[in-house]
Amino acid sequence: MSPEFMLVTFVLFLAGSIAVPIASRLGLGSVLGYLIAGIVISPMFNVMGVDVAALQHFAEFGIVMMLFLIGLEMRPRELWLMRSKIFVMGGLQICLTTILVMTISMGFGYVWTMSLTIGLVFALSSTAIVNQTLVEKRLLKSTGGRYSLAVLLAQDITVIPILIVLPLLAAPDLIQLVLIELLELTDVNQHDYHVTVNTVSLVEGLNGWQAAAVTFMAVGGVIILGKFAVTPLFRFVAQARLRELFLSTALLVVVGIALLMTLVGLPPALGAFLAGVVLASSEYKFELENNIDPYRGLLLGLFFITIGAGINFDLLFNSFTIIISLTVGLIILKSVVLLLLAVIYNLKGTDRWLFSLGLAQAGEFGFVLVTLSVTKAVLPKELADTLILIVTLSMLLTPMIFFIYDKFLVPPKIKL
């Protein structure tokens with residue numbers, strides 16, 4: 001193990017150990033503590049040459065584990081009972097937000113394809129931050145918390161068709177620029193072909209219906225294996241009476257599902273959630289929760305630190321007023337849309353404000369969509385950098401919004 005790796009690990013743990021207790025004592029919550037820790041150590045990482053994006057990709061596995069645990073808490077019958085909230089309310093939130101953002105973007109002079117992409121990116125909220133905060137504040141079982149979870153699930157499901165549609169929005173001019181950049185990169189690295197690793201995909205080269213068939217087979221395989229094979233596997237492993245073996249098997253299941261979803265072009269977190277739902281009635285449900293939850297918390301903390309450390313301060317300071325205005329504007333716009341839905345669905349009191357304010361940020365899947373949009377020549381890199389910064393800042397402001405909700409909108413007599 002290299003000294004550089006140990007130093008980065010030490011800095012990450014040290015920053016979290018100092019910032020999170022301080023933030024929790026001030027009533028700000030652990031999420032904001034992790035974000036602040038990332039901001040503080042960002043200059044150090046820049047000096048050390050740390051690849052924050054690579055750390056973030058690794059830490060995103062915490063989101064996969066989180067959705068797996070959410071799935072374990074929801075039996076298929078409960079999920080069916082929530083179908084109207086998930087598909088109708090969630091669908092309305094996504095469509096209304098996308099249309100409004102798209103209209104505003106076109107008003108700024110962007111073509112409809114770019115505007116639609118921006119709308120889709122901003123329509124999604126942060127499952128990681130919202131769920132973690134709801135759990136910490138013991139609001140997940142409240143009416144506002146359950147409605148929030150339903151909309152988040154709808155957004156996670158919607159990522160699949162968005163990933164399919166985005167490449168179809170490519171701009172011809174941007175395609176030429178991407179090809180030029182690839183050719184230049186090839187010329188620079190023409191002696192490094194031997195280290196190139198091709199990404200494995202089960203749907204690469206297939207037409208639309210063939211790729212869809214493979215995808216449905218993969219999802220069906222997760223359901224079937226989860227229902228008929230995973231429980232016997234855990235029963236067999238449990239006979240050894242070794243806790244570490246049960247833990248490794250639990251991680252094997254989650255990693256395997258995430259890998260399969262990645263191979264068919266789906267978000268691994270969605271597959272993990274589906275597997276969790278299938279295993280919700282398993283006799284090993286509580287053992288799975290107890291074994292995976294510590295790793296989920298650790299990786300999510302690391303993910304939040306990388307969000308703070310990944311802020312592009314040069315871009316922020318150069319366009320401070322514009323970036324802050326757009327970020328606050330996005331939060332207000334999403335809050336208004338969510339408030340409208342809360343009124344339609346008869347949410348009242350603190351539940352209405354919890355639902356309207358809690359989901360007002362952009363989410364971690366926005367990073368994935370923006371990156372894909374650049375590689376598929378849908379968005380120019382300069383615009384993508386601005387969108388990523390807005391997504392990051394909106395996530396950074398979310399714990400503060402929850403703090404305002406907790407201090408000024410919740411009556412003291414019902415505070416938990």
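Taken together, the values in this text are just the output of simple stated rules run on the coordinates, not laboratory data. Predicted model only: the values in this text are computed from it and were never measured. FYI the Cβ positions are ideal-geometry reconstructions off the backbone, even for glycines, and counts take in every protein chain you see.
Computed values, structure above
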| item | result |
| --- | --- |
| Charge sum, other residues only, whose C-beta stays under 12 Å from Thr392's C-beta, Lys/Arg counted +1 and Asp/Glu -1 | -2 |
| Computed E for Leu206/Leu298 - FRET, C-beta separation, R0 35 angstrom, nearest 0.05 | 0.40 |
| Stretch gain in nm, segment Thr103-Val343, where the contour uses 0.36 nm per residue and the Cα spacing is subtracted | 84.0 nm |
| Positive-pole candidate from Leu12, Leu79, Gly38, dipole of the stretch 11-89, charges at beta carbon | Leu79 |
| Whole-Hz couplings from phi, Karplus 6.51/-1.76/1.60, listed for the stretch 86-96; x for Gly and Pro | 5, 8, 7, 5, x, x, 5, 4, 5, 5, 5 |
| Fewest-first sequence of Val378, Val337 by Cβ atoms within 10 Å of each Cβ | Val337, Val378 |
| Cα centroid separation - the stretch 138-154 against the stretch 6-78, whole Å | 22 |
| Relative contact order (percent, whole number), the stretch 288-365, Cα cutoff 8 Å, 6+ residue spacing | 26 |
| Estimated vicinal HN-Hα couplings, Hz - the stretch 109-123 in sequence order (Karplus 6.51, -1.76, 1.60; Gly, Pro = x) | x, 7, 5, 5, 5, 5, 5, 4, 5, 4, x, 5, 4, 7, 5 |
| Gaussian network model of the chain, Cα within-10 Å springs - most flexible of Leu69, Leu169, Leu35 | Leu169 |
| Most positive-pole-ward Cα, Gln155, Asn290, Ser115, against dipole of the chain from beta carbon charges | Asn290 |
| Stretch gain in nm, segment Ser325-Ser2, where the contour uses 0.36 nm per residue and the Cα spacing is subtracted | 112.0 nm |
| Rel. contact order, % - alpha carbon contacts under 8 angstrom, at least six apart, the chain | 31 |
| Positive minus negative residues near Leu153 (Lys, Arg vs Asp, Glu; Cβ under 11 Å) | +2 |
| GNM flexibility winner over the chain from Ile224, Ile390, Ile86 (Cα, springs under 10 Å) | Ile224 |
| Counted charge near Leu124, where neighbours are those whose Cβ lies closer than 12 Å (Asp, Glu -1; Lys, Arg +1) | -1 |
| Cα-centre dipole for the stretch 267-416 with unit charges at Cβ (Lys and Arg positive, Asp and Glu negative), debye to 20 | 480 |
| Long pairs among Lys137/Lys334; Lys137/Lys227; Lys141/Lys376; Lys141/Lys407, criterion Cα-Cα beyond 30 Å | Lys137/Lys227; Lys141/Lys376 |
| Per-residue ³J(HN,Hα) for the stretch 296-312, Karplus 6.51 cos²θ - 1.76 cosθ + 1.60, θ = phi - 60°, Hz, x for Gly and Pro | 4, x, 5, 6, 5, x, 4, 4, 5, 4, 5, 4, x, 6, x, 5, 7 |
| Dipole magnitude of the chain about its Cα centre (Cβ charges: Lys, Arg +1; Asp, Glu -1), debye to nearest 20 | 2020 |
| Amide H within-cut-off set for Leu379, under 5 Å, with H built and near neighbours excluded | Val374 |
| Longest DSSP-loop-exposure-free segment, GluC sites (Glu not before Pro), the chain, at most 11 other Cβ within 10 Å | 1-203 |
